[in-house]
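Q: The structure that follows is given in the form of structure tokens.
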Amino acid sequence: MRILVTGGAGFIGSHLVEKLLALGYGVAILDDFNDFYDPRIKHGNIAAVKNDVGVFQMDLRDNNAVRDLFHREKFDAIAHLAARAGVRPSIAQPQLYYDANVNGTLHLLDAGRTAGIERFIFASSSSVYGICKNVPFSEDFHLTQTISPYAATKIAGEFLCSTFSHLYQMRVVALRFFTVYGARQRPDLAIHQFTHKILAGQPIDQFGDGTTRRDYTYIDDIIQGVVAALNYDAARWDIFNLGESETVALKDLIEAIETAVGKKAKINQLPEQPGDVPLTCADISKARRLLGYNPTTKLRDGLPKFVEWFRAQQQ
């Protein structure tokens, strides 16, 4: 089986590529290497594997280019991780996020349909749950409102996936990721930013009073879930949460990073940001039951691993 990993040079994508290669799959990477953060980071992420895979630099907004790729190359499955990421920048650039995340997903689904793709994995997000009062968040919840353009593009992507599965009998799985961290984490994300600034003696921005809570999920656990989803065949269309199922308050996260780096943070407290949800918490019972998903890395163990990786990169 040859698997196309979109966003394959990114944080989660590059880990998935390495795992798939280790399992003996054929792998190709599609990535536009955009400047949301330094493209050199992405090139570094795949430096060790670039000679073992096909690498296609392409923007999914370009429908003709996507179609041409599927005419030239043969893929059996798609792991669609490419997206414009982040809640706050999506508020500043909603059109860009819609074009990249919704139109890009549509272009990929349609090209995959035409090419007879057997399996399609869609990377969704816990942000689709919005301000959800029922905890933990279950895939069965009826979702009626998102609170950021980024989240809206992810729920739209899920609906496109379910539609293509229904119309064209594609086997599609949407995976709702809950705050993924670990080696190669994007530099704009909180754990990476906080670690960098605390070590540099710079103040960190804390939005709100520190009581917002997140379900932090270690990268190895996420990859285990994605690989399991690629082999899932119990339903033609399905949705799974991939999280840790344990929430951590922002102030406790900061304390944990302080412990891991051995240095106190200077905190610049700011108002809460529009679009940020107060809480995420995954009900992973369905993923455990149907995918065999079994997250094993608690934050207390994953954070030191991240800090070790970060220090090595600095050196």
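Readers should treat all values here as calculations from the given coordinates under stated rules, not as data from a laboratory. Only a predicted model underlies this, so the values are computations on that prediction, with no experimental measurement involved. Don't worry about glycine lacking a Cβ; one is built from the backbone with ideal geometry, like all the others, and counts go over all protein chains shown.
Q: Going down the table (Lys133/Lys263; Lys154/Lys266; Lys19/Lys74; Lys263/Lys286; Lys50/Lys251; Lys197/Lys298), which pairs top 32 Å between alpha carbons?
A: In this structure, Lys133/Lys263; Lys154/Lys266; Lys263/Lys286; Lys50/Lys251 lie more than 32 Å apart at Cα.
Q: Helix 299-314 against the longest principal axis of the chain: what's the angle in degrees, Cα atoms only, rounded to the nearest 10?
A: Tilt of helix 299-314: around 90 degrees.
Q: A further question follows. At a 10 Å Cβ-Cβ cut-off, how would you order Phe33, Phe240, fewest neighbours first?
A: Phe33, Phe240
Q: Among His80, His71, His15, His142, which comes first, then next, by fewest other beta-carbon atoms within 10 Å?
A: His142, His71, His15, His80
Q: Which angle from 0 to 90°, rounded to the nearest 10, does the C-alpha axis of helix 149-168 make with the longest principal axis of the chain?
A: Compared with the principal axis, the helix lies near 30 degrees.
Q: When a/c reaches 1.5 or more, the comparison of a/b and b/c decides; with that in mind, is the range 181-315 rounded, prolate or oblate per its Cα gyration tensor?
A: Because a/c hits 1.5 or more and a/b exceeds b/c, the range 181-315 counts as prolate.
Q: Okay, helix-only estimate at 222 nm for the chain: each DSSP H run of n ≥ 4 adds -39500 (n - 2.57), divide by all residues, round to 500 deg cm²/dmol; what do you get?
A: Value at 222 nm, helices only, nearest 500: -12500 deg cm²/dmol.
Q: Kindly express, to the nearest 10 degrees and within the range 0 to 90, the angle between helix 104-115's C-alpha long axis and the longest C-alpha principal axis of the chain.
A: Once rounded, one gets 30 degrees.
Q: What's the extension gain from Ala200 to His43 if we count 0.36 nm per residue and subtract their Cα-Cα distance?
A: Here the answer is 54.0 nm.
Q: Right, next: Which of the chymotrypsin sites (Phe, Trp or Tyr not before Pro) found in the range 90-160 are in a DSSP loop and have at most 15 neighbouring Cβ atoms, other than their own, within 10 Å?
A: Phe141
Q: Express in whole angstrom the spacing between the alpha-carbon centres of the range 276-315 and the range 15-80.
A: 24
Q: Cut-off 18 Å, label point 7 angstrom out along Cα-to-Cβ of Asn134: give me the residues of the range 153-181 whose amide nitrogen falls inside.
A: Those under the cut-off are 176.
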